[in-house]
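The values are calculated or read from the model by the stated rules, or taken from the named source; none is laboratory data. This is a predicted model, so every value here is computed, not measured. Cβ placement follows ideal geometry from the backbone for every residue including glycine, while neighbour counts extend to all protein chains displayed. Protein only, heavy atoms only, side chains kept; ligands, DNA and RNA dropped before computing areas. Shrake-Rupley method; radii C 1.70, N 1.55, O 1.52, S 1.80 Å.
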Amino acid sequence: MRGGAVVRWRDGRGELVVRGRDGGVGARVPLEIAASYRARTRGLLGRESLEGALLLSPANSIHTFRMRMPIDVAYLDRRLRVLDVRTMPPGRLGRPRVRARHVVEAEAGAMAVWGLDVGAVVEVRELR
C-alpha cells in the first residue's frame, strides 16, 4: 500500500526487493509483473526457466498444470508480507490462502537463496 491506497500494478517489468524481518535488504530480484487476467492466466506455462520472479496480482492461489519445472511460490498479504512459501512440482493445484492478495513465483530453490520466507516483507518497484 502507498499512502493507504490499494496498489494496482500493470503488466511489465520491475524489481522485487526482499526485506528481512529486521527491515534490511536481503536481495534485489528482476521481476515480471502479471496484473491483467490474460498475463496471470499465462503465467509460467510452457517456460523452461525464469530469470528472477513473476508477480501475479491479484491472486491467492496457483496451479502448476502444464508447467515444465518445479517452482517456489510465496503468498503475500495486502501489505506485501509473506504469509507462506511452498515448493510445488508440476501438475499440482495449490490451495487458496485466505489473506493472500498477491503471489510470487520463481524457480524452485530461488526464494531460499533470496532470504524470502514467512514474515519477510517485499517491495515491488515498477520499471518505467
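Observations on the model:
- Candidates R92, R101, R40, ranked by Gaussian network fluctuation over the chain, Cα under 10 Å, top entry: R92
- Against the criterion of solvent-accessible heavy-atom surface with a 1.4 angstrom probe, T64, T87 sort, most first, into T87, T64.
- Entry for mean projected area of the Cα convex hull in nm² (calculated from the structure that is shown) out of (i) 7.3; (ii) 8.4; (iii) 9.4: (i)
- Computed in the context of the full set of protein chains, the accessible area of the chain at 1.4 Å probe radius has 49% of its extent on carbon or sulfur.
- In order through the stretch 73-87: 3J(HN,Hα) via Karplus (6.51 cos²θ - 1.76 cosθ + 1.60), integer Hz, x for Gly, Pro: 10, 10, 9, 10, 7, 5, 9, 6, 8, 6, 8, 7, 10, 9, 9
- Rounded to the nearest 20 debye, the dipole size of the chain about its Cα centre is 560 debye, using +1 on the Cβ of Lys and Arg and -1 on the Cβ of Asp and Glu.
- Gain upon complete extension [S36, R10; 0.36 nm per residue less C-alpha separation]: 8.6 nm
- Heavy atoms of V124: accessible area, 1.4 Å probe, square angstrom to 10: 10 Å²
- Neighbourhood charge, 12 Å Cβ-Cβ cut-off, centred on R47 and excluding it, Lys, Arg +1 and Asp, Glu -1: -2
- Seen from S57, the other residues with C-beta closer than 11 Å to its C-beta sum to a net charge of +4, counting Lys and Arg as +1 and Asp and Glu as -1.
- Distance between the 7 Å Cα→Cβ label points at V113 and F65: 3.1 nm.
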